[in-house]
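Read the structure below first, then the notes.
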Amino acid sequence: MQRLLEPIEVTKEQEKPFPQIQASEEKRVRYELVGREFMIATDHPLASQAGVEVWKQGGNVVDVFTAASFAISVLRPQSTGLFGGGFAIVYLPKKGKWAYDFRERSPKKGTAAYYLKPDGSPDTDKILRGAYSAGVPGNVQGILKIQKQHGKLAISDVLAPAIRYAKNGFAVYADLGNAVAKVWPQMNPSMQKVFGIDNRPIREGELLVQEELFQTLNRILENEEKEWVDGETVNRVTEYYKEYDQFLSEEDWKEYQVKQVDPLITSVWGYQLMTMPPPSSGVHMVTMMQMYAEMAKRKTFPKGLVGETIQITEAMRVAYRDRANLGGDPKYTDVPVAKLTDSHYIQEEVNEIEKKVVSGNWKTIPKGGEPKDSYNTTHISVMDKEGNAVSSTQSINGIFGAVQMVPGTGLVLNNTMDDFSIAPGVPNLYGLVGSKANAIAPGKTPLSSMSPTILLESNGNTKLVIGAPGGSQIPTSIFNTLYHYLLQKRNLYESVSFPRIHHQYQPDILFLDPELKGYFPETELPFYQVQYGRHRAKVFVVSKEGDKLVGVSDPKGEGVPLGF
Ligand code: DON
């Protein structure tokens, strides 16, 4: 059976590595910036501005990251917040490199049994919305710990912009207005009070003031991380959970620990790639990149646009298969990081793909769930001229997380319990499936797609800081951007903007950005189920080019890079 070989006979035009699809020059003025001293890229102009403000006060990149993190929690409550969690990679060339996991943990009461219906089937609504979908939050503890370890400024300086944005308010922008309108009916009364005017959803252009969040930030300013251990905020959350079986208890807050680990560092595509180890998906992104590099070396694989698409797709498929089968909290399950990035493993996996390509024998795998539309989570990339850098992705998971606010706090609950695999093979919000490795257990951290990354040159100089929100599409957005920037030699803005390719193993669908339509042969990759649609992830990146720093905030988003 030679099914695959036919479409590979492509025309001269299709033999080109990739089509020349022009990125919008008009948008470039807003979404790209070149500086020399320091650069920050975020998903809201005022969050980037918060970074500039503390840099000008003598802060370092960690102070900039801290100010931007608290600010974005106020500015993008649909994406992240103090009741969320995240990861950060910090690289200070003269001091060292660190990876921080301050993601949500399953509360003591969090077990799979909690999410079963009386008939024993998984209750996918319960894990996705409402009080039981929240994990113990880590953002406040994590960000404060990093600032204490590496920052220069006082907490009052780095919290000041966030406090101001909460107190004075800011204009609701389109994405926030749409998010409020979308989930308005599910909000509890406390939440409708904050995000509503005259009992209707607040709209684009109106002023959003968050008085209770302002008070919570002030308590953090006063009591710092203690506020998150046994402070007034914890008391109010505990009070709220009385109605919900004390699913989150006082104990959970006391036991929460930020994890400080070594970043995962591997050599790939001519650089040292430093990313977040499990329970992040950084390792699977590395497998993906190494698989592509191995295929590109071999003669068996067709070249040209179709050939490149096959290689990229197959690399992604293997990486997401590994994620589904093996991914989880390394404290509870063995994620074989060394194996998944080992050249023998990569070669063996490529051999299998090679066989498939030559024989045309494409096994189809069961179709999983469709990823639902979701624009949330956020990423912050910062770099200065000395190469000091922070890459951090933070989230409350779905749009407005659990869509519940704890009365008297301004805090929107995360719905990160949905990042666990509720049962083997049952897809989550992003259509992702998982195995026992990512099953729910008390104290456990759910598997994450968030993959903050920093690239270094072989001499240790910082080349690039990158990351993205976008659920299951996070690793492939970083792959696509680096593919165009490092391998296809496009400029940074074009690389972020270029139409993307995404495959996540299940559902067994090749997702292509709509602009790619028409660039494939008539038969359009008949060996894949192709679906055209907008890639959801938004990339935020800063790169060093000679003595310049280039920042790009994804033109799909609301943010801008700022610096000088
Ligand atoms: O950690 C994860 O994988 C998810 N909670 C991330 C969610 C996300 O990026 C949503 N963005 N569209």
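The values are calculated or read from the model by the stated rules, or taken from the named source; none is laboratory data. A quick note: this is a predicted structure, and the numbers were derived from the prediction, not measured. With ideal geometry, Cβ positions are generated from the backbone for all residues, glycine too; neighbour counts draw on all protein chains shown. The accessibility values were calculated without ligands, DNA or RNA, using every heavy atom of the protein model including side chains. Shrake-Rupley method; radii C 1.70, N 1.55, O 1.52, S 1.80 Å.
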- Of (1) part of a helix (DSSP H, G or I); (2) open to solvent by less than 10 Å² (accessible area, probe 1.4 Å); (3) hydroxyl-bearing (Ser, Thr, Tyr), residue 448 satisfies all except one. Which? (1)
- Hits in segment 105-139 (condition: out of contact with any Pro (no Cβ under 7 Å at 6 or more places or on another chain) and hydrophobic (A, V, I, L, M, F, W, C)): 112, 113, 127, 128, 131, 134
- Item | Residues (surrounded by 19 or more Cβ atoms within 10 Å (Cβ to Cβ) and of a type in the set (Asp, Glu)) located in segment 237-259 | 252
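Out of curiosity, is residue 475 within 11 Å of the ligand (Cβ to nearest atom), over 30 Å from residue 195 (Cβ atoms) and at pLDDT 95 or above?
yes
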- Say whether the condition of being out of contact with any Cys (no Cβ under 8 Å at 6 or more places or on another chain), more than 27 Å from residue 330 (Cα to Cα) and buried (at least 17 other Cβ atoms within 10 Å of the Cβ) is met by at least one residue in segment 78-95. yes
- Query: Restricting to strands (runs of 3 or more DSSP E) lying wholly in segment 468-564: which have 2 or more residues that are surrounded by 19 or more Cβ atoms within 10 Å (Cβ to Cβ) and of a type outside the set (Phe, Trp, Tyr)?
  - Reply: 510-512, 540-545, 548-553, 561-563
- Note on the structure: Residues in segment 451-467 that are open to solvent by 10 Å² or more (accessible area, probe 1.4 Å) and within 16 Å of the ligand (Cβ to nearest atom) total 0
- Message: Any residue in segment 465-476 that is more than 18 Å from residue 418 (Cβ to Cβ) and touching a residue at least 60 places away in the same chain (Cβ under 8 Å) sitting within a Cβ distance under 8 Å of a residue that is within 8 Å of the ligand (Cβ to nearest atom) and part of a helix (DSSP H, G or I)? List the pairs, counting only those 6 or more apart or interchain.
- Response: 467/474; 468/474
- Note on the structure: Taking segment 17-44 and the residues there that are of a type in the set (A, V, I, L, M, F, W, C) and open to solvent by 60 Å² or more (accessible area, probe 1.4 Å), the one that is farthest from residue 542 (Cα to Cα) would be 29
- So which residues in segment 131-159 are buried (at least 18 other Cβ atoms within 10 Å of the Cβ), outside any helix (DSSP H, G or I) and not β-branched (Val, Ile, Thr)? 134, 135, 137, 138, 151, 153
- Message: open to solvent by 10 Å² or more (accessible area, probe 1.4 Å) and touching a strand residue (DSSP E or B) at 6+ places or on another chain (Cβ under 8 Å): which single residue out of 330, 302, 277 fits that description?
- Response: 277
- Note on the structure: Cβ pairs under 6 Å, 6+ apart or interchain, first in segment 319-345 and basic (Lys, Arg), second open to solvent by 30 Å² or more (accessible area, probe 1.4 Å) and not in a helix (DSSP H, G or I), ordered by first then second residue, are 321/505
- Message: Out of the residues in segment 161-213 meeting the condition of being of a type in the set (Phe, Trp, Tyr) and farther than 29 Å from residue 63 by Cα, tell me which one is least open to solvent (accessible area, probe 1.4 Å).
- Response: 195
